[in-house]
1. Looking at segment 39-67, which of the residues that are over 19 Å from the mean Cα position of the chain (by Cα) and part of a loop (DSSP other than H, G, I, E, B) is surrounded by the most Cβ atoms within 10 Å (Cβ to Cβ)?
2. Within segment 221-234, is even one residue at pLDDT 95 or above, part of a helix (DSSP H, G or I) and not aliphatic (A, V, I, L, M)?
3. Among the residues in segment 322-334, are any in a loop (DSSP other than H, G, I, E, B), of a type in the set (Gly, Ala, Ser) and closer than 21 Å to Gly134 by Cα?
4. Please specify each residue of segment 270-310 satisfying the condition of being of a type in the set (Val, Ile, Thr), surrounded by 16 or more Cβ atoms within 10 Å (Cβ to Cβ) and assigned to a helix (DSSP H, G or I).
5. Please state which one of Asn120, Asn98 is surrounded by fewer than 15 Cβ atoms within 10 Å (Cβ to Cβ) and over 16 Å from the mean Cα position of the chain (by Cα).
6. Conditions: (1) in a loop (DSSP other than H, G, I, E, B); (2) under 18 Å from Ile104 (Cα atoms). Leu72 meets all but one. Number of the miss?
7. Going through segment 333-353 one residue at a time, which ones are in contact with a helix residue (DSSP H, G or I) (Cβ under 7 Å, 6 or more places away or on another chain), surrounded by 17 or more Cβ atoms within 10 Å (Cβ to Cβ) and either closer than 30 Å to Asp140 by Cα or not charged (D, E, K, R) (or both)?
8. Take the residues of segment 1-42 that are β-branched (Val, Ile, Thr) and modelled with pLDDT under 90: which is nearest to Ala244 (Cα to Cα)?
Amino acid sequence: MPVVRNIYLITGGNGFLGQEIIKFLIEENSDLSEVRILDKAIQQNTLDRLQALAGGRVQLTVFKGDVRDKALLQKACQGVTSVIHTASVIDIWGYISNEEIETINVEGTRLLLETCIQQNVKCFVYTSSVEVMGPNARGDPISNGDEDTVYLSKLKFLYSKTKCAAERLVLATNECLLPNSEQIVTCALRPTYIYGENCRFMERHLDEAIINGDVLHRTSKKQALVNPVYVGNVAWAHVLVARAMKDKNKEKIVGGKFYYITDDTPHMSYCDFNYEMMGPLGFTISEKLDTPLLLMYFIAFILEMVQFLLRPFIRYIPKINRSLITMLNTKFTFTSHKARSDFDYVPRYSWDVAKKQTIAWLASIVQDRRDILNKK
């Protein structure tokens, strides 16, 4: 029988996670003929690096644009066997308009799913988020939760709401009939906070610490444990579940399901995690919260009221809000046992390796960040 040559489309392929997924696809899939990258932009050095890795064995094709472009989606999905949809807008501060977040995260996902059905795309993997679960406004904790954990979740951030809505669309599309009489297989992965090289959130915290005299702000209490996950392990989970979806024995198991993705990164608060990574570079952090928690909530409430009153006149965005304070101070940890059971997910990188590589990246950029910030 002839070998089926797979074509993957990665939305957000120029992103932090997307690039890692593409690397694994090239390195691990012998039946891969082409990887298509759909993103608003892709740096030439990134493309050169991926092409060197592909070595002419795998074709790389770039589609410049976003998931709201119907004509572009039709071209990008033609002949594709699997889509990994990582593209989304992440905003927990309010910098991006509600309309843009909703149209990209929800309507963009809807358009992409419709196009996949029209183009006979067999497999669809969605990058969801632990934030579709919470934490809720009350800050109810979860300790080592899993896919069966019951939780009263009233989502706060628009980002969380749109990711939840998009995930539901993806899972509801599972087993929809394709024009070729096959059925589409869909699933969603819910990684916890993703860290690693080129993480823009870690870069943001690094900048804030430099501005603060090499001191990290303590905005989360030590007891508010979370379990971050290394980007390489999240990427590997995507590749494994996409592979399982092509297995007749496993497609019924993973189809229509969501999975939490974690690794052996120790459980610690967000702030203590940042210190774990930046402490070796000479940064420090206070033992206690910079501001008492109740006072922090009160200040955030006042700032939100100011934002509301100024809205008709100017666009004011507070640096902190009550939802963010709750997220930073709620114990919220999960396990990925179901992913191990259903599609053999085992992290590729240990905590020691992930920590070493992340610190090395931070060390490589810290002086550049100092120079840039000093010029401002």
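1. Val58
2. Yes; the residues of segment 221-234 include at least one that is at pLDDT 95 or above, part of a helix (DSSP H, G or I) and not aliphatic (A, V, I, L, M).
3. no
4. Within segment 270-310, none qualify.
5. Asn98 is the lone residue from the list that is surrounded by fewer than 15 Cβ atoms within 10 Å (Cβ to Cβ) and over 16 Å from the mean Cα position of the chain (by Cα).
6. (1) is the only condition that Leu72 fails.
7. Scanning segment 333-353 gives Phe334, Ala339, Asp342, Phe343, Tyr345, Pro347, Tyr349.
8. Only one residue fits best here, namely Val4.
The values are calculated or read from the model by the stated rules, or taken from the named source; none is laboratory data. Keep in mind it's a predicted model, so treat the numbers as computed, not measured. For neighbour counting, all protein chains shown are included, and Cβ atoms are generated from backbone atoms with ideal geometry for every residue, glycine included.
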